[in-house]
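K.L.:
What follows is a structure written as structure tokens; I'll ask about it next.
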Amino acid sequence: MTLYKKIFRPLLFSFAPESIHTFVSKTLKASFSIPGFSKTFHRVSTVQDKSLEKTVFGLTFKNPVGIAAGFDKNATLYNYLGKMGFGFVEVGTITPKPQPGNPKPRLFRLTKDQALINRMGFNNNGVKEAKKHLQNKKTKALIGGNLGKNTLTPNSQAVNDYAFLFEELFDVVDYFVVNVSCPNISDLRELQDQSALLEILNRLQYLNSQKEKRKPILLKVSPDLNNNQLDEVIEIVKQTNIDGVVAVNTTISRTNLSTSAERIKYIGKGGLSGRPIYNRAIEVVRYLSENSNHAFPIIGVGGIFTPEDALNMLKAGADLIQVYTGFIYEGPLIARRINKALVKHFKS
């Protein structure tokens, strides 16, 4: 058992999840401001090997392990996360205007299941603030911008929110992810309807075509889609010619959990992430990959905790992987452990 799991995690998990996230964020900033800490931690946590490099949708990633959206909502931590061995960091979800999100408590641990339930509600400081932080990039890690509409924006006008975000962030991120699959925003997932999605993605692709050099646009999909809906996703990618898919978001499912039914009922609504979602994430990635005949890149995310998890996700058809809940449960060296295993696998 690692020092993190034996000592630090039990201590951190004795406090409320959202307050600990705030504490960890402040601790990262303070630690990396200490002279010499940044270089030392980067050397310890980063695996540098040519075999890890991969070019996906026109971008070259130093390694295929990234941080999923939700951890760095306001683009204040990405420089530090880049020093922790991750090849890319997806910031957000970012909305045009600042919004507080849903009422607290809104983040819950299911330690027996190695999972989280969140109903954060796209809490963030808005695109202007995020853009300001992203203009201070120091890391070599690539940056993705996860885009979402404001809660008060009606779905009929959602396309304008996504277009505004695209224009605001174009010069400060490397790729974009359209998020219409989060279960914590009222009516958001209605935008997964084919006609609504086509409107949003076609508008972004038009704006992209007006740029001197376009940037990749991806769609983040829900694990709760059935096969017919996944077929629609494949068709939408084909019709709009976007660059790929992020699979998957959190789930509204509560099946096969070890946490008591009473506790689950008390927590209530929210998106479930972590170990329980892993098998479904693998299924969705494999389905999209095989049924599209590997027509587009996929970023696989959902329940990745170990090097074996990561390898299985790549074998299922993912080109890159992301962690979030696994990062919280496994600790700050998760990228190092996964990348070391990948080097061994790629060279075997």
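K.L.:
Does Ser253 count as hydroxyl-bearing (Ser, Thr, Tyr) and free of Cβ contacts under 8 Å to residues at least 24 places away in the same chain? Please lay out each step first, then the result.
P.N.:
On the way: hydroxyl-bearing (Ser, Thr, Tyr): yes; free of Cβ contacts under 8 Å to residues at least 24 places away in the same chain: no.
No, not satisfied.
K.L.:
Still on this structure, please answer the following. Read through the list (1) in contact with a Ser or Thr (Cβ under 9 Å, 6 or more places away or on another chain); (2) surrounded by fewer than 20 Cβ atoms within 10 Å (Cβ to Cβ); (3) modelled with pLDDT of 95 or more; (4) not polar (S, T, N, Q), then give the number of the only condition that Lys347 fails.
P.N.:
Exception for Lys347: condition (3).
K.L.:
Additional query: Would you confirm whether or not the range 66-89 contains a residue that is closer than 30 Å to Thr153 by Cα, small (Gly, Ala, Ser), in contact with a helix residue (DSSP H, G or I) (Cβ under 6 Å, 6 or more places away or on another chain) and crowded, with 16+ Cβ neighbours inside 10 Å?
P.N.:
The answer is yes; a qualifying residue exists.
K.L.:
Right, something else. Pull up the range 201-223, narrow it to residues that are without any contact (Cβ under 8 Å) to a residue 40 or more places away in the chain and not in a helix (DSSP H, G or I), then point me to the one that is surrounded by the fewest Cβ atoms within 10 Å (Cβ to Cβ).
P.N.:
Our first condition is that a residue be without any contact (Cβ under 8 Å) to a residue 40 or more places away in the chain; within the range 201-223, this holds for 202, 205-206, 209-210, 212-214.
Right, trim to not in a helix (DSSP H, G or I) and you get 210, 212-214.
Numbers: Gln210: 8, Glu212: 4, Lys213: 6, Arg214: 14.
Once the filter is applied, the top-ranked residue is Glu212.
K.L.:
Pick from the range 122-175 the residues that are among the hydroxyl-bearing types (Ser, Thr, Tyr) and in contact with a helix residue (DSSP H, G or I) (Cβ under 6 Å, 6 or more places away or on another chain): which of them is surrounded by the fewest Cβ atoms within 10 Å (Cβ to Cβ)? Spell out the reasoning first.
P.N.:
Initially, the range 122-175 is screened for residues among the hydroxyl-bearing types (Ser, Thr, Tyr), giving 139, 151, 153, 156, 162, 175.
Applying the additional criterion that residues be in contact with a helix residue (DSSP H, G or I) (Cβ under 6 Å, 6 or more places away or on another chain) yields 139, 153, 162.
Values: Thr139: 17, Thr153: 19, Tyr162: 26.
Top of the filtered list is Thr139.
K.L.:
Given the criterion under 20 Å from Val246 (Cβ atoms), touching a residue at least 40 places away in the same chain (Cβ under 8 Å) and in a helix (DSSP H, G or I), identify the matching residue among Ala75, Ala130. Spell out the reasoning first.
P.N.:
Numbers: Ala75 fails: in a helix (DSSP H, G or I).
Being under 20 Å from Val246 (Cβ atoms), touching a residue at least 40 places away in the same chain (Cβ under 8 Å) and in a helix (DSSP H, G or I) holds for just one of Ala75, Ala130, which is Ala130.
Here is a yes/no grid of residues against (1) within 20 Å of Gln322 (Cβ to Cβ); (2) polar (S, T, N, Q):
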| residue | (1), (2) |
| --- | --- |
| Thr240 | no, yes |
| Val248 | yes, no |
| Thr251 | yes, yes |
| Arg263 | no, no |
| Tyr266 | no, no |
| Gly271 | yes, no |
| Ile277 | yes, no |
| Ala281 | yes, no |
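The values are calculated or read from the model by the stated rules, or taken from the named source; none is laboratory data. The shown structure was predicted, so the numbers you read here are calculated from the model rather than taken from an experiment. In this analysis, Cβ positions are derived from the backbone assuming ideal geometry, glycine residues included, and neighbour counts consider all displayed protein chains.
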